[in-house]
Amino acid sequence: MPFQTTIRRAIAGILTFLAGLAGPSAAMAMCQPVASGPGALLHPAAVRQAAAPAAGSLRLTFLGHSSFLIESPEDVSAVTDYNGYLRPDRLPDIVTMNNAHSTHYTDRPDPGIRHVLRGWGDEGGMAVHDVTLRDMRVRNVPTNVRDYGGTRVSGNSIFVFEAGGLCVAHLGHLHHTLTDMHLAELGVIDVLLVPVDGSYTMAQDYMVEVIAQIQPPLVIPMHYFTASTLAGFLQRMDGTYQVRTSDSATVTLSRQTLPYRQILVLPGH
């Protein structure tokens, strides 16, 4: 295991211990290492359930492009890269956005959404979010994006969702590999939602490098447009992660059953 990863996991473990002394909700995650090993199973939800997922788990549905619905045991819902047209059948409590392209945000979110978290700051500033609603915490790690004439500093955010004892990171419209500071801010991630288009975000070889930097047990690709583009990414990951394809766009995840070094392909792109 790389030295930097060892240090990050040790820090995460210390933070988890200290948080336990403070008495947080048992449903909240602390981006701590995954204890499950090879052979653990993922349980797909064949039919969208109206009830919230069970305690100690979260439900994730791929809506398409780079939008996912994430649902917690206390029935908090969040949608990533909310654009106003890829919407679930419920009004989300929290939405996150990135503004690299209009398919990743909307200027007219439903007024009933309680928290609208934009991944960029006003007038070129940095977005800083750390929101907790019942048993879900959402925070961001700013990154840069390419722009006309140069780099737009802090123009993208990686959003981290902590719920059901798991930490899910959505890379947004990531345009570069990560620094040690980014990795420290992320913590240890259980599920990584990864754009693999290879052009609008970054070359697939660099995205593979980002996955190696974060080392999540479970990777879910998004933002790939065509089957051939997805196939190119999977080929680059061959030998490092096992690939599984789900028939359902919805999966229920828990720490006890989280797969080890698996890529899960959900229907839609």
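Answer yes or no as to whether V131 is among the aliphatic types (A, V, I, L, M), under 17 Å from the mean Cα position of the chain (by Cα) and farther than 25 Å from P267 by Cβ.
Values: among the aliphatic types (A, V, I, L, M): yes; under 17 Å from the mean Cα position of the chain (by Cα): yes; farther than 25 Å from P267 by Cβ: yes.
Yes: the conditions hold for V131.
Please enumerate the residues belonging to the stretch 148-165 that are under 15 Å from the mean Cα position of the chain (by Cα) and not polar (S, T, N, Q).
From the stretch 148-165, those under 15 Å from the mean Cα position of the chain (by Cα) are 156-165; that's our starting set.
Answer for the stretch 148-165, where residues must be under 15 Å from the mean Cα position of the chain (by Cα) and not polar (S, T, N, Q): I158, F159, V160, F161, E162, A163, G164, G165.
Considering only residues that are part of a loop (DSSP other than H, G, I, E, B), polar (S, T, N, Q) and surrounded by 24 or more Cβ atoms within 10 Å (Cβ to Cβ), look in the stretch 56-86 and name the one that is modelled with the lowest pLDDT. Full working, then the answer.
Start the filter on the stretch 56-86 by keeping residues that are part of a loop (DSSP other than H, G, I, E, B), which leaves 56, 65-66, 72-76, 80-86.
Checking which are polar (S, T, N, Q) leaves us with 66, 72, 80, 83.
Right, trim to surrounded by 24 or more Cβ atoms within 10 Å (Cβ to Cβ) and you get 66, 72, 80.
Details: S66: 89, S72: 98, T80: 95.
Selected residue: S66.
Tell me the residue from H129, H101 that is of a type outside the set (A, V, I, L, M) and within 15 Å of V160 (Cβ to Cβ), please.
Numbers: H101 fails: within 15 Å of V160 (Cβ to Cβ).
Going through H129, H101 in turn, the sole match is H129.
Would a scan of the stretch 232-249 turn up a residue that is modelled with pLDDT of 95 or more and under 16 Å from H170 (Cα atoms)?
no
Hey, can you tell me all the residues within the stretch 101-126 that are closer than 17 Å to V79 by Cβ and among the aliphatic types (A, V, I, L, M)? Break it down into steps so the answer makes sense when it comes.
Looking only at the stretch 101-126, we keep the residues that are closer than 17 Å to V79 by Cβ, and these are 101-119.
Listed by number, the residues that qualify are I113, V116, L117.
Could we say that Y200 is over 30 Å from V76 (Cβ atoms), over 14 Å from the mean Cα position of the chain (by Cα) and part of a helix (DSSP H, G or I) here?
Details: over 30 Å from V76 (Cβ atoms): yes; over 14 Å from the mean Cα position of the chain (by Cα): yes; part of a helix (DSSP H, G or I): no.
So Y200 fails the test.
If you take the residues of the stretch 186-220 that are at pLDDT 95 or above and charged (D, E, K, R), which of them is nearest to T250 (Cα to Cα)?
Across the stretch 186-220, the extreme among qualifying residues is D190.
Suppose we keep only residues that are polar (S, T, N, Q) and either buried (at least 24 other Cβ atoms within 10 Å of the Cβ) or in contact with a helix residue (DSSP H, G or I) (Cβ under 8 Å, 6 or more places away or on another chain) (or both) within the stretch 187-222. Which one would you say is farthest from L63 (Cα to Cα)?
Quick first cut of the stretch 187-222, residues polar (S, T, N, Q) only: 199, 201, 204, 213, 215.
Now narrow it down to the ones that are either buried (at least 24 other Cβ atoms within 10 Å of the Cβ) or in contact with a helix residue (DSSP H, G or I) (Cβ under 8 Å, 6 or more places away or on another chain) (or both): 201, 204, 213, 215.
On the way: T201: 19, Q204: 22, Q213: 27, Q215: 25 Å.
The selected residue is Q213.
Return yes when F225 is open to solvent by less than 20 Å² (accessible area, probe 1.4 Å) and outside any strand (DSSP E or B) and no when it is not.
No, not satisfied.
Checking V145 against (1) over 14 Å from the mean Cα position of the chain (by Cα); (2) within 24 Å of G164 (Cα to Cα): exactly one of these is not met. Which one?
(2)
The values are calculated or read from the model by the stated rules, or taken from the named source; none is laboratory data. This one's a predicted model, so the numbers in the text were calculated from it and none came from an experiment. Neighbour counts run over all protein chains shown; Cβ positions are idealised from the backbone, glycine included. Just so you know, the surface numbers come from the protein's heavy atoms only, side chains and all, with ligands and any DNA or RNA stripped out. Shrake-Rupley method; radii C 1.70, N 1.55, O 1.52, S 1.80 Å.
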